[in-house]
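Heads up, the thing below is written out as structure tokens.
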Amino acid sequence: AGANVHVISRSEKKLSELSSILKMENTKGILSVFPLDIIDLKLFYTFLNTEKANGINFDVMVNSVGIYPKIRLIDTKQEDWDLIMNVNLRSVFFISKYMAQHMIANGNGNIINIASFASELPSVGTGVYAASKAALNNLVKSMATEWAPYNIRVNALNPGVIKTEMTQERIDKKGENMLKHIALNRFGEPSEVAETVLFIASRASSYITGEIINVTGGKLITQDPRQ
């Protein structure tokens, strides 16, 4: 959409693939990629300060991090809990805080967090993941309230069952049954989440803050949408 975009990922392979795709699509904006694991907050803080020193101002930030291990609560070890919470909640909170401090100096900002429909309806085997996303959505409302006086908007998206690497195994095993609970009777595409992010990132949503937006195809809006 013409924006200059900085992308952070711990996967250099995926960053390289992204760069190649966008070059082929001849996008208008500039893409800069940074191999960095955001769980190391010191590295992110250094990155942010370096970019600020180079005259870069960030207008929008999208937090799209998350791990989704299938572990039943009774089998959850302390290290499992710590890892899930550190990636899905701790890192997102502090990165949002650091970015908000930068945005306050600019006089405006827009923070978008990718949560999950599991925050409202957890599944067996993903209870800690769901708890991390539920806590994130609660924080989004507090962030939106506290940072509104600085002209910073904060919202979250709850994707439903989107066709990604993270959900493919579950779709393969239980896809037919899962579709019974989705009103549109299909799984979502990553592009449909991305387009919602683009809307929230744009001026078209300038009066929206503190909202948790479900991008689920109507998952569980009624007891049996396929009846």
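The values are calculated or read from the model by the stated rules, or taken from the named source; none is laboratory data. Since the structure is predicted, the reported quantities are computational estimates derived from the model, not experimental observations. Every residue, glycine among them, receives a Cβ derived from its backbone with ideal geometry; neighbour counts consider all protein chains shown. Heavy atoms of the whole protein, side chains included, go into the accessibility calculation; ligands, DNA and RNA do not. Shrake-Rupley method; radii C 1.70, N 1.55, O 1.52, S 1.80 Å.
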Next item on the list: May I ask you to say which residue of V197, V161 is touching a Ser or Thr at 6+ places or on another chain (Cβ under 9 Å) and touching a residue at least 60 places away in the same chain (Cβ under 8 Å)?
Entry: V197
Notebook entry, point to check: Within segment 1-13, which residues are open to solvent by 100 Å² or more (accessible area, probe 1.4 Å) and within 17 Å of the chain's Cα centre (by Cα)?
Noted result: R10
Margin query: Cβ-Cβ distance below 6 Å, separation of 6 or more or different chains: which pairs start in segment 88-100 with a residue that is within 15 Å of F47 (Cβ to Cβ) and end on one that is of a type outside the set (A, V, I, L, M)?
Written below: I95/F44; Y98/Y45
Item checked: Checklist (1) over 17 Å from the mean Cα position of the chain (by Cα); (2) under 19 Å from P225 (Cβ atoms); (3) open to solvent by less than 70 Å² (accessible area, probe 1.4 Å) applied to T126, failing item -> (2)
Note to self: I want to confirm something. Restricting to segment 213-226 and keeping residues that are open to solvent by 40 Å² or more (accessible area, probe 1.4 Å) and modelled with pLDDT of 95 or more, which single residue is farthest from P159 (Cα to Cα)?
What the structure shows: I213
Next item on the list: Specify the residue that is farthest from the chain's Cα centre (by Cα); the eligible residues are those in segment 130-158 that are crowded, with 24+ Cβ neighbours inside 10 Å and closer than 14 Å to Y68 by Cα.
Entry: S132
Next item on the list: Could you look through segment 1-22, keep only residues that are in a helix (DSSP H, G or I) and among the small types (G, A, S), and pick out the one that is modelled with the highest pLDDT?
Entry: S16
Next item on the list: Report the residue count in segment 72-109 for those that are open to solvent by less than 10 Å² (accessible area, probe 1.4 Å) and of a type in the set (S, T, N, Q).
Entry: 3
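Per-residue answers, yes or no, for (1) touching a residue at least 40 places away in the same chain (Cβ under 8 Å); (2) within 25 Å of L136 (Cβ to Cβ); (3) more than 18 Å from the chain's Cα centre (by Cα):
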| position | (1), (2), (3) |
| --- | --- |
| L15 | no, yes, no |
| G29 | no, no, yes |
| D37 | no, yes, no |
| L48 | yes, yes, yes |
| K52 | yes, no, yes |
| N57 | yes, no, yes |
| I67 | yes, yes, no |
| L73 | yes, yes, yes |
| T76 | yes, yes, yes |
Checklist line | Residue satisfying all of: in segment 201-212; farther than 20 Å from F117 by Cα and hydroxyl-bearing (S, T, Y); surrounded by the most Cβ atoms within 10 Å (Cβ to Cβ) among these | finding: S205
Checklist line | When residues of segment 40-71 are limited to those that are open to solvent by 50 Å² or more (accessible area, probe 1.4 Å) and under 21 Å from S16 (Cα atoms), the one modelled with the highest pLDDT | finding: V62
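Conditions (1) in a loop (DSSP other than H, G, I, E, B); (2) closer than 21 Å to M85 by Cα; (3) touching a residue at least 12 places away in the same chain (Cβ under 8 Å), marked per residue:
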site: G125; (1), (2), (3): yes, yes, yes
site: Y129; (1), (2), (3): no, yes, yes
site: S132; (1), (2), (3): no, yes, yes
site: A135; (1), (2), (3): no, yes, yes
site: L139; (1), (2), (3): no, yes, yes
site: W147; (1), (2), (3): no, no, yes
Margin query: Please go through segment 84-123 and give me each residue that is farther than 20 Å from S9 by Cβ, of a type in the set (A, V, I, L, M, F, W, C) and part of a helix (DSSP H, G or I), ordered by number.
Written below: M85, A100, M103, I104, A105, F117, A118
